[in-house]
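First the structure, in the form of C-alpha cells, and then the observations on it.
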Amino acid sequence: METDRLAALIADLDHPDKAILRRAVDELIARAAVAPEIRALLERRLDEADHRHSWAAAYVLGHLPEVSDATVRALILALDHAEGDIRWACALLLTEIGRADPSVQARLIELCGGGSAKQKRMALYSLRDLGLQDDESLQAMFEALFDANPTVRVAAAISLKTRRDRHELVRAALLRSYLNDEDFRVRSAAAITLAQLGSPSATFLTELTRDLESDNVQVRKTAAVALRWLEKK
C-alpha cells in the first residue's frame, strides 16, 4: 500500500490540476526528508525529458539537505517557466539554497547577463532578496540596467534598493536610468527606488518637480509617489 501511495504521489507531479500537484509536492517534501529512496527516485526523474512539470521533482529535492547540481540546474531552468507563480516559487527556493551556497549565488549572478528575460528578472530579484553586498552582484545589477529588454531593466532598478554598499554609484546609475531610459516603466522604477534610498540630488529633485507638470498622467503619478517617499525620509 505504501509503495502504491508513493507511486501515485510521483505520478501526480505531472497532474494538470495545480491543487493535486501542490498536495503531491508538499507530501513528497515531508516524506523525502526521512526516506532516501524517494530522493533517489526523484533524482532519476530529473534526467527524464517526458514530464509535464519538469520543475516539480527539482522543487521537492531543493527542500532537502545537500542539494545536487542537477536540482539547481532544473530550478534555474524553471525561472523561464510561462507561469509566474512557478517562477517565483523556484526563485524563492533558489534564494534559500543560495544563502548557504556561494556557488548558487555565482550562478544567479551569471544568469543576470546570460539567461532569458524571465530568468534575468528572477535572478535579479533573488540577488535582491539575498541582500548581497559584493562587487560581482552589484556589477550584474548595473549591467542589467542596460539590458535590451525593458522588464529586465525594471527588475534591476527595483533590486538596487537593497544595496547599502557604493551608495553614490547606485544613485548615479539609477539617476541615469530615470533621466535617459526610453521606457517609462524603467524611469518610474528608477525614480521610486531613488526616492526610497533618500538623500536626493538637486538634479533628481528638479526633474521630479518638472514631472509633476507633465502632460502624461503616469509620469505625474510617479513623481508624486517619489516625492511622498522623500517626505518620509
Query - region 1-66 shape via C-alpha gyration tensor axes, a/c threshold 1.5 - result: rounded
Report task. State, as an integer percentage, the relative contact order of the chain based on alpha-carbon contacts under 8 Å between residues 6 or more apart. Result -> 10
Query raised in the report: So how strong a dipole does the chain carry about its Cα centre when Lys and Arg Cβ are +1 and Asp and Glu Cβ are -1, to the nearest 20 debye?
Result: 960
Requested in this report: Could you tell me which of the pairs Lys118/Lys221; Lys118/Lys161; Lys18/Lys221; Lys118/Lys232 are separated by over 29 angstrom between their Cα atoms in the structure shown?
Outcome: Lys18/Lys221; Lys118/Lys232
Query raised in the report: Taking Cα atoms, how many degrees apart are the long axis of helix 18-32 and the longest axis of the chain, rounded to 10 and kept between 0 and 90?
Result: 70
Requested in this report: Show me 161-169, 52-60 ranked by packing, highest mean number of other Cβ atoms within 10 Å first.
Outcome: 52-60, 161-169
Query raised in the report: Taking only Cα atoms, what is the 0 to 90° angle, nearest 10, from helix 217-232's long axis to the longest principal axis of the chain?
Result: 90
Query - Net charge contributed by nearby residues that have their C-beta within less than 15 Å of Gly115 (K/R +1, D/E -1) - result: +3
Query - Positive-end extreme of charge dipole, region 166-232 - chosen from Thr209, Val170, Asn180 (charges on Cβ) - result: Val170
Requested in this report: Go through Gly98, Thr222, Gly115 and say which Cα lies farthest out towards the positive end of the charge dipole of the chain; charges sit on Cβ, +1 for Lys and Arg, -1 for Asp and Glu.
Outcome: Thr222
Report summary line: In terms of the alpha carbon gyration tensor, root eigenvalues a ≥ b ≥ c, rounded if a/c is under 1.5 and otherwise prolate when a/b exceeds b/c or oblate, region 166-232 is oblate
Query raised in the report: Taking the Cα atoms only, what angle lies between the long axis of helix 184-197 and the longest principal axis of the chain, rounded to 10 degrees?
Result: 80
Report task. Could you tell me what % of all Cα pairs in region 90-220 have separations over 18 Å? Result -> 51
Query raised in the report: Please state the relative contact order of region 158-205 as a whole percent: Cα pairs under 8 Å, 6+ residues apart?
Result: 38
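Read-outs: derived from the displayed coordinates by stated rules, not from any lab. As the structure is a prediction and not an experimental result, all values here were calculated from the model. We place every Cβ from the backbone using ideal geometry, glycine too, and count neighbours over all the protein chains shown.
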